[in-house]
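For reference, the structure is listed below as structure tokens.
The values are calculated or read from the model by the stated rules, or taken from the named source; none is laboratory data. Computed from a predicted model, the values in this text were never measured in an experiment. Cβ placement follows ideal geometry from the backbone for every residue including glycine, while neighbour counts extend to all protein chains displayed. The protein model used for the area step is the full one, side chains on, heavy atoms only, and it has no ligands, DNA or RNA in it. Shrake-Rupley method; radii C 1.70, N 1.55, O 1.52, S 1.80 Å.
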Amino acid sequence: MPREDGRRHDQLRPLAFLPNFQKHPLGSVLAVCGNTRVACAVSLEEKVPSWMKAQGVPGGWITAEYQMLPSATATRGEREATRGKVSGRTAEIQRLVGRSLRAVVDLEKLPPVTLHVDCDVIDADGGTRCASITGAAAALELACRRLEAQGVLQEWPLRARVAAVSVGIVGGEPLLDLCYREDSAAEVDMNVVMTDRGRFVELQGTGEEYTFDETQLQQMLALAREGLKGLFQEQERILREGRGHGL
């Protein structure tokens, strides 16, 4: 069955990541996946969480925040700051982003600082958490390169790269990189977070009034693996571009 944007079932949406598009953060990436755009930025705070200090935990910390701008969807959303609390969805996603990044970092090789990773969704058309992870991982590597150049890092802390992509079953067919309309119609929706060494960080798979078997699971994972190759290539492209600018 043809997809509304003409893609094959195993094809990513067009990617266009832009590195260092902000002036002030240590590293920033505008992650564009089709019509989804997420601004990812990494900033440094010269202290660690109080629990690390209290427990004598060495190294530094990485934490993430995620939010959707009010105008990111067709219907204006209310700012969560206006409501005075973070929604359950937002809390879940920012914990996922933080876990995904910490999974590929040796925190003991960081100085006693906190790296704050901000993911702000400018336009949402499905896959915002996956774009956030993929863009934030590249922004984090740019930030670490800058810290290394400044002499703040004595050892390279990144053990691998990490990226994420969505897969699902729509109309009985496994599809890669779902847009919003596909995601909302999916019988099964799954987010796959993986390193460039082929190791899983997290799988989030749910049947929506539907079940799926092991064969379908393997089909979705195979699609995800192929799609992640393209995402890692895009990360490498912009990081190589960053190296050309002295980072």
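Can you list residue pairs whose Cβ atoms sit under 7 Å apart, with the first residue in the stretch 177-195 being more than 17 Å from residue 35 (Cβ to Cβ) and open to solvent by 10 Å² or more (accessible area, probe 1.4 Å) and the second being in a loop (DSSP other than H, G, I, E, B) and of a type in the set (Ser, Thr, Tyr)? Count only pairs 6 or more apart in sequence or on different chains.
Filtered contacts from the stretch 177-195: 187/210.
I'd like the residue in the stretch 69-96 that is among the basic types (Lys, Arg) and modelled with pLDDT under 85 and, out of all such residues, is nearest to residue 130 (Cα to Cα). Please lay out each step first, then the result.
Restricting attention to the stretch 69-96, the residues satisfying the condition of being among the basic types (Lys, Arg) are 76, 79, 83, 85, 89, 95.
Subset that is modelled with pLDDT under 85: 79, 83, 85.
On the way: 79: 21, 83: 26, 85: 23 Å.
Checked the stretch 69-96; the qualifying residue nearest to residue 130 (Cα to Cα) is 79.
Picking from 240, 199, which residue would you name as being closer than 30 Å to residue 105 by Cα, open to solvent by 80 Å² or more (accessible area, probe 1.4 Å) and modelled with pLDDT of 95 or more? Before the answer, list the steps.
Details: 240 fails: modelled with pLDDT of 95 or more.
One residue alone meets the criteria, 199.
I'd like the full set of residues that are under 19 Å from residue 224 (Cβ atoms) and either open to solvent by 10 Å² or more (accessible area, probe 1.4 Å) or touching a Gly at 6+ places or on another chain (Cβ under 6 Å) (or both), limited to the stretch 131-162.
137, 160, 161
Give 71, 100 a once-over and let me know the one that is assigned to a helix (DSSP H, G or I) and buried (at least 20 other Cβ atoms within 10 Å of the Cβ).
Values: 71 fails: buried (at least 20 other Cβ atoms within 10 Å of the Cβ).
Being assigned to a helix (DSSP H, G or I) and buried (at least 20 other Cβ atoms within 10 Å of the Cβ) holds for just one of 71, 100, which is 100.
Restricting to the stretch 181-208, and then to whatever is in a helix (DSSP H, G or I) and within 24 Å of residue 232 (Cβ to Cβ), can you tell me which residue is nearest to the chain's Cα centre (by Cα)?
Within the stretch 181-208, the first condition is being in a helix (DSSP H, G or I), and the residues that meet it are 181-185.
Remaining after also requiring within 24 Å of residue 232 (Cβ to Cβ): 182-183.
Values: 182: 20, 183: 17 Å.
So the residue we want is 183.
Restricting the search to the stretch 38-56, which residues are in contact with an Asp or Glu (Cβ under 9 Å, 6 or more places away or on another chain) and either free of Cβ contacts under 8 Å to residues at least 12 places away in the same chain or among the β-branched types (Val, Ile, Thr) (or both)?
Residues of the stretch 38-56 in contact with an Asp or Glu (Cβ under 9 Å, 6 or more places away or on another chain): 38-43.
38, 42, listed by residue number.
On the given criteria, is residue 199 more than 23 Å from residue 36 (Cα to Cα) and basic (Lys, Arg)?
Against the criterion (more than 23 Å from residue 36 (Cα to Cα) and basic (Lys, Arg)), residue 199 qualifies.
Consider the stretch 74-97. How many of its residues are open to solvent by less than 40 Å² (accessible area, probe 1.4 Å), polar (S, T, N, Q) and in contact (Cβ under 8 Å) with a residue 24 or more places away in the chain?
Step one: of the stretch 74-97, the residues open to solvent by less than 40 Å² (accessible area, probe 1.4 Å) are 77, 87, 90-91, 93, 96-97.
Restricting the remaining residues to those that are polar (S, T, N, Q) gives 87, 90.
Subsequent filtering for residues that are in contact (Cβ under 8 Å) with a residue 24 or more places away in the chain retains 90.
Qualifying residue count, the stretch 74-97: 1.
For the stretch 23-63, give me each residue that is more than 22 Å from residue 103 (Cα to Cα) and either surrounded by fewer than 16 Cβ atoms within 10 Å (Cβ to Cβ) or among the β-branched types (Val, Ile, Thr) (or both).
23, 24, 32, 35, 36, 54
Answer with yes or no whether residue 14 is under 19 Å from residue 232 (Cβ atoms), modelled with pLDDT of 95 or more and exposed (fewer than 14 other Cβ atoms within 10 Å of the Cβ).
Details: under 19 Å from residue 232 (Cβ atoms): yes; modelled with pLDDT of 95 or more: yes; exposed (fewer than 14 other Cβ atoms within 10 Å of the Cβ): yes.
Here the answer is yes, as residue 14 does meet what is asked.
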